[in-house]
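To start, the structure under review is shown below, and the notes come after it.
The values are calculated or read from the model by the stated rules, or taken from the named source; none is laboratory data. Just so we're clear, the structure is a prediction, and the values are computed from it rather than from any experiment. Neighbour counts are summed over all protein chains in view; Cβ atoms, including those assigned to glycine, are modelled from backbone coordinates with ideal geometry.
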């Protein structure tokens, strides 16, 4: 899912700050922010310089949810090194996945003509897919996760 290009205002961000407990690491604050921002940006009211009372109430509810999600994530995964993939492959279209499956190492121009794309766009799609495939394989090296 692609998020809108807009951002939350300082007034909206301050709502989350009110809900976060003291002593969180910077990474934990970042995760809480990502969870909060993802929810808030789905609402058309996001970006309000002076959020009205109804929107403030919604933001406080979202901040409580983001805080609860962070606490649950910390309880379940805390203390473990985890790799969070960007999930590029999950968001590729069926066309892109088919194109990547047909990639043979140097046939960018052929794929560009076949799919009606520029060679540069084919390279971008294939490169993103290859990076994701590499990350997935690296997470399962023999002897590391056995």
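Please give the helices (runs of 4 or more DSSP H) falling wholly within the stretch 51-120 in which 1 or more residues are closer than 30 Å to residue 12 by Cα.
Ranges flagged: 53-77, 88-91.
Need the failing condition index for residue 68 against (1) more than 30 Å from residue 16 (Cβ to Cβ); (2) assigned by TED's automatic domain parsing to the domain that holds residue 24, just the number.
(1)
Any chance the stretch 20-39 includes a residue that's part of a helix (DSSP H, G or I), more than 30 Å from residue 131 (Cβ to Cβ) and outside the structural domain of residue 128 (by TED's automatic domain parsing)? Quick ask: steps written out before the conclusion?
Taking the stretch 20-39 as the starting set, the residues that turn out to be part of a helix (DSSP H, G or I) are 26-39.
Of the ones still in play, those that are also more than 30 Å from residue 131 (Cβ to Cβ) are none.
No, the conditions are met nowhere in the stretch 20-39.
Between residues in the stretch 90-109 that are touching a residue at least 24 places away in the same chain (Cβ under 8 Å) and assigned by TED's automatic domain parsing to the domain that holds residue 128 and residues that are surrounded by 13 or more Cβ atoms within 10 Å (Cβ to Cβ) and in a loop (DSSP other than H, G, I, E, B), which pairs lie under 9 Å by C-beta distance while being six or more apart or on different chains?
99/92; 99/117; 100/92
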